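The values are calculated or read from the model by the stated rules, or taken from the named source; none is laboratory data. The structure displayed is predicted, hence computed values, not measured ones. Don't worry about glycine lacking a Cβ; one is built from the backbone with ideal geometry, like all the others, and counts go over all protein chains shown.
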Amino acid sequence: MQLDERKYTILQAIIRNYLETGEPVGSRTISKYTDLNLSSATIRNEMADLEELGYIIQPHTSAGRIPSDKGYRLYVDKMMEEKEREVEEMKGMLLEKEDKMEHLLKQAAKVLATNTEYAAMVSAPQYHRNKLKFIQLSRVDVNQILAVIVVEGNMIKNTMLTVAEELSDETLLKLNILLNTHLNGLSLDEINLGMISALKQQAGIHSDIVAGVIDAVAEAIKADEDLEIYTSGTKNFFKYPELADHERASELITTFEEKQILSELVQDNLADENSTGIQVYIGSETPVQGMKDCSIVTATYELDEGMKGTIGIIGPKRMDYEKVVKNLKLLKNQLDDLYKK
C-alpha cells in the first residue's frame, strides 16, 4: 500500500523524533512536532494504520511507537531519491552558472581596465565558512562504498572508501541516518573531537567508515579548487613612463600574468573577514613583491552568503584614486545584480 502524504509526514516525524531522543514517540509529541494541525485522536488512528502496515512498532504496552526496519527503509529510500534528484539538478545548474560567471567576470575585467586605463583583475568567487548539506553512502562493490558529500554552495565531492567486508543495505541505511542526523548543517569548526568520538562509538565496528567520511567532509569543506583569476589591461602599464622602461614593465607583466602571485593577494584579501570595503596599497605597502612601484586597489564582492571574490586595479602610484574607487564600487554592485538575473 502506497502511503498518502499525511501518513508519510507522520512516519517522518516519528523517525526524526526517535533519532533525536531515542525514546518511543507518542501521538501528543507528533501533534506538536508537525504542522498538520491534527488532533491526537486522528494521529493515533494514522499511527495504528502505520503499525498495521509494518512501518512502526510498539516496543511494549502503553508506550509510544518506534520505526521498524521497513519504516527506516522507506524513509531512507525517499530521502536518497530526493537527494539524488537534487544532486543532478545542482550539477546542471552549476554548469550553467559557471559558464555564465566566467563570461561575466572576463567582461568585468575588460570593462574595468578600459574605464580606468589601468590593469584590472577579477577573481572567481569562492565559498567561505562552508557547511555540510548532506552525505550519501552507497555500495559500489564488495569492498568499496561511495560517499557523496554536498556542502554549502552546492559543491559536490565524491570519495571512494575501502571496507573490509560487504556492507548490508541495513548497515548502510543506519550509517546514512547516523551521519546525516548529527553532521548536516555543521561547519568544520563545529565538528569537534567529542562529536567524532561519539559518532564512532555509535557506529561500533564500522567506526573506521565514520572516520573516513569525516576526513572526506573536512577535505570537501576546506577544499579550495584552483582559483580562477581573469585579467585585462596589461598594455596599460606602457602608458605611464615610470612603469614603461623595459626591465620594470617586463617584471610587472610577468607578475601580473603569474596567477599564483595574484592568487596569494586574493587569498589574503578574502582571509580578512571584515574586508568587504576598499583596500588601497601604495608602493612599499603592496603585498605583491613585483609591484612595489605600483598601487593596488582591491574590493571584495559578495554574491551570496559566504560566496566572495576580489576585484583589483593595478596602476602607477599617481593613479586617479577617486576614479578607481568609484569604478570598483560600481562593479561590486553590478556583479551582484547581473549574477542574479
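A few points about this structure:
- Residues in segment 1-45 that are of a type in the set (A, V, I, L, M) and surrounded by 12 or more Cβ atoms within 10 Å (Cβ to Cβ): LEU3, ILE10, LEU11, ALA13, ILE14, ILE15, LEU19, VAL25, ILE30, LEU36, LEU38, ILE43.
- Subset of segment 46-65 (residues that are without any contact (Cβ under 8 Å) to a residue 12 or more places away in the chain and surrounded by fewer than 13 Cβ atoms within 10 Å (Cβ to Cβ)): GLU52, HIS60, THR61, SER62
- Restricting segment 25-35 to residues that are in contact with a helix residue (DSSP H, G or I) (Cβ under 6 Å, 6 or more places away or on another chain) and of a type outside the set (Val, Ile, Thr) leaves a set whose member that is modelled with the highest pLDDT is SER27.
- Consider segment 272-289 and keep the residues that are within 27 Å of the chain's Cα centre (by Cα) and modelled with pLDDT under 80. The one that is nearest to ILE313 (Cα to Cα) is GLY277.
- The combined condition, being at pLDDT below 85, more than 21 Å from ASN158 (Cβ to Cβ) and either basic (Lys, Arg) or within 19 Å of the chain's Cα centre (by Cα) (or both), is not fulfilled by MET90.
- Picking from residues in segment 38-55 that are hydrophobic (A, V, I, L, M, F, W, C) and assigned to a loop (DSSP other than H, G, I, E, B), the one that is farthest from THR9 (Cα to Cα) is LEU53.
- As a summary of the residue check, LEU178 satisfies the conditions (1) in a strand (DSSP E or B); (2) surrounded by 15 or more Cβ atoms within 10 Å (Cβ to Cβ); (3) among the aliphatic types (A, V, I, L, M); (4) without any contact (Cβ under 8 Å) to a residue 40 or more places away in the chain except for the one numbered (1).
- Whenever a residue of segment 277-300 is touching a residue at least 24 places away in the same chain (Cβ under 8 Å), its partners that are among the β-branched types (Val, Ile, Thr) and crowded, with 20+ Cβ neighbours inside 10 Å, lying with C-beta atoms within less than 6 angstrom and at least six residues away or across chains, give the pairs VAL280/VAL297; CYS294/ILE314; ILE296/ILE314; VAL297/ILE313; VAL297/VAL324; THR298/THR310; ALA299/ILE311; THR300/THR310.
- Answer residue from segment 56-73, given it is in contact with a Pro (Cβ under 7 Å, 6 or more places away or on another chain) and assigned to a loop (DSSP other than H, G, I, E, B) and is farthest from ASN176 (Cα to Cα) among those: ALA63
- Among the residues of segment 297-336, the ones that are over 30 Å from SER187 (Cβ atoms) and part of a strand (DSSP E or B) come to 5 in all.
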